[in-house]
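The values are calculated or read from the model by the stated rules, or taken from the named source; none is laboratory data. Keep in mind that this is a model prediction, so the values were computed, not measured. Glycine gets a Cβ as well: all are built from the backbone with ideal geometry, and neighbour counts include every protein chain shown. Remember, those area values only see protein heavy atoms, side chains included, never the ligands or the DNA or RNA. Shrake-Rupley method; radii C 1.70, N 1.55, O 1.52, S 1.80 Å.
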Amino acid sequence: MISNQVLQSTIDSLKGITRVDIAIADIDGKILATTFSDDQYTETMVSSFADSQADSQAAGGYQFFKIFDEHQLEYVLIAKGDTDDVYMVGKLAAFQIQTLLVAYKEKFDKDNFIKNLLLDNLLLVDIYNRAKKLHIDVGVKRVVYIVETDKGSDSGALEALKTLFAARTKDFVTAVDEKNVIIVRELKAGEGYEDIQKNADAMLDMLETEAMIQARISFGTVIDEIKEVSKSYKEAKMALEVGKIFYPGRTIIAYNSLGIGRLIYQLPLPLCKMFIKEIFTSVSPDEFDEETLTTINKFFENNLNVSETSRQLYIHRNTLVYRLDKLQRSTGLDLRIFDDAITFKIALMVVKYMKYMESIDY
């Protein structure tokens, strides 16, 4: 259904061109949009015409026209005047509104199709049949973005992104829940992950500077067939969740840059608990003080470089060595040894994952 604002804008433009007053009513005679107020027709006149067999009719200085949506009467258009010129304007206006109905219905159908595609609600044969009917290319490269705002449900973000992508008619901006906005973007020849990242940067910048909305954006991998859209969507969803756990400082997260965090995210919790008990036999990671955690994180940031880590922590090298020796005594892991460092890093990430999963369960 076309909104009343769109109907009003359409007939205002038509009046500006033709200088003929026009109104649009529903089949019960209720006026939805009009360019004049000194009307002499009544709801009864409109509803009587709607019930008649005629497609057009002149009465009381007005001309009435029916507007159908797939053979079902949707609107009645009223043109003020009884001349042949007014009749022609009325016919053209009715045709324009009917064309709008078709366009809006196709847009709605496309949005429904994309939503069902994202959620894996379509059979393979239905995907290709409906895509052909809706004139959607099936064999082009696409990628799926998910935009999550700090406000959760935010129609402002959806409208802002629709405006940003308005000129790209082959892209789709939609939502399958109240939390996120989803963009299915068609890639041009030669576009790769660098371009996808730049586009995410542009979206984030627009939301923050123009719409004043804080957001996080994730995206999946590039897919070659329309049937794989749900795959890229699931990857983007995982990237968003994994990013919250392991990379909270990032505002843009790509699925193909999640690294080991992606593997940990797919581990069952009982296995994670067993792993942590095996690694930390005498001390729990929750017992590490702030100084120890800061030392560990900085040591990893500097690729296990003792000199650079001590410099950035503003401590003597021997002090850092003492802290690492103390950690080794309590955990049995020496972070200066690569294998131990890898084990320790993974263990800390598993602990983060466990805490996150426990927090969302309550």
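Observations
- When every Cα-Cα distance of the chain is counted in 10 angstrom steps from zero, the calculated P(r) takes the values 5, 18, 18, 17, 16, 10, 6, 5, 4, 1, 0 percent.
- Applying the criteria of a DSSP loop state and at most 14 other Cβ atoms within 10 Å to the chymotrypsin sites (Phe, Trp or Tyr not before Pro) of segment 264-357 yields Tyr314.
- Remark: the chain carries 55 Å² of accessible area per residue (probe radius 1.4 Å; ligands, DNA and RNA excluded).
- Förster radius 41 Å - calculated FRET efficiency between Ser307 and Asn116 (Cβ-Cβ, nearest 0.05): 0.10
- Long-range Cα-Cα pairs in segment 171-302 (distance over 19 Å), rounded percent: 62
- Heavy-atom accessible area, probed at 1.4 angstrom with all protein chains present, ranks Met45, Met206, Met357 as Met45, Met357, Met206, highest first.
- The per residue volume of the convex hull around the alpha-carbon atoms of segment 78-205 is 168 Å³.
- For segment 163-250, applying the loop criterion from DSSP together with a ceiling of 14 other beta carbons within 10 Å to the GluC sites (Glu not before Pro) yields Glu178, Glu210, Glu225.
- With Cα atoms, 0 to 90° folded angle of helix 338-360 axis to the chain main axis: 40
- A straight chain from Ile342 to Ala202 at 0.36 nm per residue would run longer than the Cα-Cα distance by 46.8 nm.
- Near the amide H of Ala33, within less than 5 Å, lie the amide hydrogens of Ile24, all on another chain or at least 5 residues away, with H placed in the peptide plane.
- Placing one equal scatterer on every Cα of segment 260-362 and applying the Debye formula, the log10 ratio I(q)/I(0) at q = 0.22, 0.24 Å⁻¹ is -1.20, -1.35.
- If you look at the Cα atoms of segment 257-315, you get an Rg and a Dmax of 14.7, 40 Å.
- Centroid-to-centroid, using Cα positions, segment 49-91 and segment 293-362 are 78 Å apart.
- Segment 181-212: trypsin sites (Lys or Arg not before Pro) in DSSP loop, at most 15 other beta carbons within 10 Å: Lys188
- Computed Kirkwood radius, in angstrom, where 1/r is averaged over Cα pairs of segment 21-137: 16.1
- Accessible-area composition of the chain, carbon plus sulfur, in percent [1.4 Å probe]: 52
- Here the Karplus curve 6.51 cos²θ - 1.76 cosθ + 1.60, taken at θ = phi - 60°, turns the phi angles of segment 277-292 into couplings of 5, 6, 7, 9, 6, 10, 9, 9, x, 5, 8, 5, 7, 4, 5, 5 Hz, with x standing for Gly and Pro.
- The Cα-based radius of gyration of segment 118-168, divided by its Kirkwood radius, gives an Rg/Rh of 1.06.
- In order along segment 187-192, phi translates into HN-Hα couplings of 8, 7, 4, x, 6, x Hz, rounded to whole numbers, per the Karplus curve 6.51 cos²θ - 1.76 cosθ + 1.60 with θ = phi - 60° and x for Gly and Pro.
- Computed log10 I(q)/I(0) for segment 11-80 at 0.26 Å⁻¹: -1.23, from the Debye equation with unit scatterers placed on every C-alpha and solvent omitted.
- Of the listed residues Thr34, Thr10, the order by accessible area with a 1.4 Å probe, largest first, is Thr34, Thr10.
- Rg/Rg_ref, segment 181-258, where Rg_ref = 2.2 N^0.38 Å and atoms are Cα: 1.09
- Computed packing ranks the peptides 97-103, 215-221 as 215-221, 97-103, most packed first, by mean other Cβ atoms within 10 Å.
- Solvent-accessible ranking of Asp195, Asp51, largest area first, probe 1.4 Å: Asp51, Asp195
- Gain in span if fully extended, Glu228 to Val176, counting 0.36 nm per residue against the direct Cα distance: 17.0 nm
- Crossing angle, helix 4-18 versus the chain [Cα axis fit, 0-90 degrees, rounded to tens]: 50
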